[in-house]
Amino acid sequence: MKIVSFISAITVAAGLAGCAVGPDYKRPAALPRQPVPEKFSGDAAVSTNQGIWKVAAPSAHLPRGEWWQNFGDSELNRLETLALTNNQNLVAAADRFAESRALASAANANFYPQLTAGGTPSGDINRQQTSANQPFLGKPAGKSFTYDNFTAPIYLGWEIDLWGRVRRQSEAAHARFVASVDDYESARLAVAAEVANDFFAFRTLENEYTVVTNTIEAYRRSLELTQNRRRGGVASDLDVSQAATQLHSAETQLPDIKLNRAQMLHALAVLCGESPSGFVVAPGASKVATVPEVPPSLPSELLEHRPDIAAAERHMAAANADVGVAKTAFFPAVRLNGLAGFQSVDSGSWFEWPSRFWSVGPSVQLPLFTGGLNRAHLALAHAAYDETVANYRQTVLSAFGEVEDGLAAQQLLAEKWTAENATVIAARRTLEIASNRYKSGLVTYLDVATAQADALLHERTLVQLQGTRLTASVNLVKALGGGWAGTNSLAAPK
C-alpha cells in the first residue's frame, strides 16, 4: 500500500509539473548590434512596376513555386521539372528529411510507458543448476539441484518527466525536423537556380555560336570579294592576307564555344539526374529569354521567406532545448518499473494461474558525483547554442548581402546592356561605312578588318551580357528565397 501511495504521489507530481528545466526559447535579434533595416538600399534603383512579379512574405517552409516560368521558355520549364524529380542531391535531401521525421517520432515515444515481452537475461526457457551452498525451494544447503525454468515476463518502464528532460528532447527533435523541411526547400531552390543558370549559359553559348557562324560567313564573302578585287588589280596581296587572317581568326573561336556548350549540356544532364550521353536540349529561339524585373521584398519579410534563415533559426531552438536537457542531468531521474508474467519449473503448468508473478515500484537515480561530467555537458550545450546564434546571424547577414548584390546587378547590368546595345549599332554602322569606302577604293582592307573585329567583339559581348543579366535575375530570385506558383507572381498559393 505504501508503494502504491508513493507511485500515486509521483504520478500526480508529474502531471502537475507545468514547466521544464532550462530556458524557454526566445528568438534572438537577427543582427547583433543594429535593428533589421526597413528596406534594402537597392530599392531606389529598382522600378516599382509590379506588373511582372509581386512581392510576398509567406512562411519559409512553403514550396518555392515555379518561378522559372516567368522567363517564358518551355524548355527551361521541362528541365526544371525533370531536375526536381530526378536530381540525386534532392533525393538525398528527402531522405534526410525522412530521417529527421523518424527521430522526432522516436523522441515523442519517450512520453509513453515502454512495454517489453520476454527477453530475460537467462532466457525464457532454460535449464539451471543451483549452488550446493545455497538453499533452494526449502531444501537444505549442501546439495545442488538441476531444474527447468519456464518464464514469460512482460516488463514495464516509464520515466516520469518531472524536470522536463523528455519534453526538452522532444522540442529539440521537433525543431530539427522543421529545420530539415527548410533544408529540403533550400536544396530544391538551389537545384532550380542552378538548372536555370546553366540553361541560360547554354542558351548564351548557342547564340554566341550563331553570331560567330554568321560572322564567319560574312568573312568568307569578304575574302571572296577581296580575292576578286585582287584578280582585277584593285586590291593588294596584303588585303587578301588580312581578309584570310580575319576569317581564320573567327573560325578558331568556334571550338571553344562548342566545348563550353558541351560542358554546360553535360552539367544540365547531371542536374536532371540523367546520363550526359544522349542528353539533348531542344533548340531555342534566336534571342535569349526576356529578363524579368525582380522587385525586392522587405528585409523583415526576407527573414520569413528564405528557407536557410528559417532552418538556422530552428537549429537555435533545438540547441536551446539541448541546454534544458543538459540541466536535467543535475536532478533525480524517477522511473516507474514493473514486471509481470508466468513462471514455472514444469512446462505443463507454465501458464496456469498459480504460476503468475508480478512486481512494481519506482526507482530514483540521483547524481552525487560525476567528476564534472554534467557541468561539462551543460557548458557544451551553452557553447553549441551560442554557435547556432552566430550561424543564424551570419546567415541573415549573408542573405542581406546577396539581395543587395542582386539588386545592384539587376540595375547596373541593365544600364550596361543598354550602352552595349548602342555600341553594337554603332559598330555595325562603322563596318558598313568601312566596307563601302573599301569598295570605293578610299581605304585599305585594314580599316574593314578593324571594323569587323570590333563588330564581332561587341556582338558577342551583347549576347554574353544578356546571359549575365538572366543569371543575375536567377540569383536575385534565389537570394529572395524563391517564388510561389502563379502566373508571373511571387504570391503565395491560395
Exercise. Select from the stretch 198-210 the residues that are surrounded by fewer than 19 Cβ atoms within 10 Å (Cβ to Cβ) and of a type in the set (Val, Ile, Thr) and list them in ascending order.
Key: THR210
Quiz item: Quick one: which of GLU185, GLU171 is in contact with a helix residue (DSSP H, G or I) (Cβ under 9 Å, 6 or more places away or on another chain), more than 27 Å from LYS327 (Cβ to Cβ) and modelled with pLDDT of 90 or more?
Solution: GLU185
Quiz item: Of all residues in the stretch 404-445 being free of Cβ contacts under 8 Å to residues at least 12 places away in the same chain and outside any helix (DSSP H, G or I), which is nearest to GLN466 (Cα to Cα)?
Solution: VAL443
Self-check item: The one condition in (1) surrounded by 21 or more Cβ atoms within 10 Å (Cβ to Cβ); (2) more than 12 Å from the chain's Cα centre (by Cα); (3) not polar (S, T, N, Q) that ALA179 fails to fulfil
Solution: (2)
Exercise. Determine whether the stretch 371-390 contains at least one residue that is outside any strand (DSSP E or B) and on the phi > 0 side of the Ramachandran plot.
Key: yes
Quiz prompt | Residue list for the stretch 447-482, filter: among the hydrophobic types (A, V, I, L, M, F, W, C) and in contact with a Ser or Thr (Cβ under 9 Å, 6 or more places away or on another chain) | solution = VAL448, ALA449, ALA451, ALA453, ALA455, LEU456, LEU462, VAL463, LEU470, LEU480
Practice problem: Quick one: ALA340 ticks every box in (1) surrounded by 15 or more Cβ atoms within 10 Å (Cβ to Cβ); (2) assigned to a strand (DSSP E or B) except a single one, so which number is it? | Solution: (1)
Practice problem: Confirm whether GLU293 is part of a loop (DSSP other than H, G, I, E, B), at pLDDT below 95 and of a type in the set (D, E, K, R). | Solution: yes
Quiz item: Among the residues of the stretch 235-267, which ones are charged (D, E, K, R) and more than 20 Å from GLY441 (Cβ to Cβ)?
Solution: GLU251, ASP256, LYS258, ARG261
Quiz prompt | Single condition ARG375 does not satisfy, out of (1) without any contact (Cβ under 8 Å) to a residue 24 or more places away in the chain; (2) surrounded by fewer than 13 Cβ atoms within 10 Å (Cβ to Cβ); (3) charged (D, E, K, R) | solution = (2)
Quiz prompt | Residue check for SER186: assigned by TED's automatic domain parsing to the domain that holds ALA267, out of contact with any Ser or Thr (no Cβ under 7 Å at 6 or more places or on another chain) and more than 20 Å from GLU459 (Cα to Cα) | solution = yes
Quiz prompt | Qualifying positions in the stretch 249-287 - more than 26 Å from ALA218 (Cβ to Cβ) and either surrounded by fewer than 16 Cβ atoms within 10 Å (Cβ to Cβ) or touching a Cys at 6+ places or on another chain (Cβ under 8 Å) (or both) | solution = GLN263, HIS266, GLU274, SER275, PRO276, SER277, GLY278, PHE279, VAL280, ALA282
Quiz prompt | Of the criteria (1) in contact (Cβ under 8 Å) with a residue 40 or more places away in the chain; (2) farther than 30 Å from LEU76 by Cβ, which one ALA282 fails | solution = (2)
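Residues in the stretch 157-169 that are farther than 12 Å from ALA319 by Cα and in a helix (DSSP H, G or I): how many?
Summing the residues that are farther than 12 Å from ALA319 by Cα and in a helix (DSSP H, G or I) in the stretch 157-169 gives 3.
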Practice problem: Any residue in the stretch 84-100 that's in the same structural domain as TRP67 (by TED's automatic domain parsing): show its pairings with residues that are in a helix (DSSP H, G or I) and among the acidic types (Asp, Glu) at Cβ separation under 8 Å, as long as the two are six or more apart or on different chains. | Solution: ALA93/ASP183; ARG96/ASP183; PHE97/ASP183
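The values are calculated or read from the model by the stated rules, or taken from the named source; none is laboratory data. Bear in mind that the values here come from a model prediction, so they are computed numbers and not experimental data. Cβ sites come from the backbone with ideal geometry, for glycine too, and all protein chains shown count toward neighbours.
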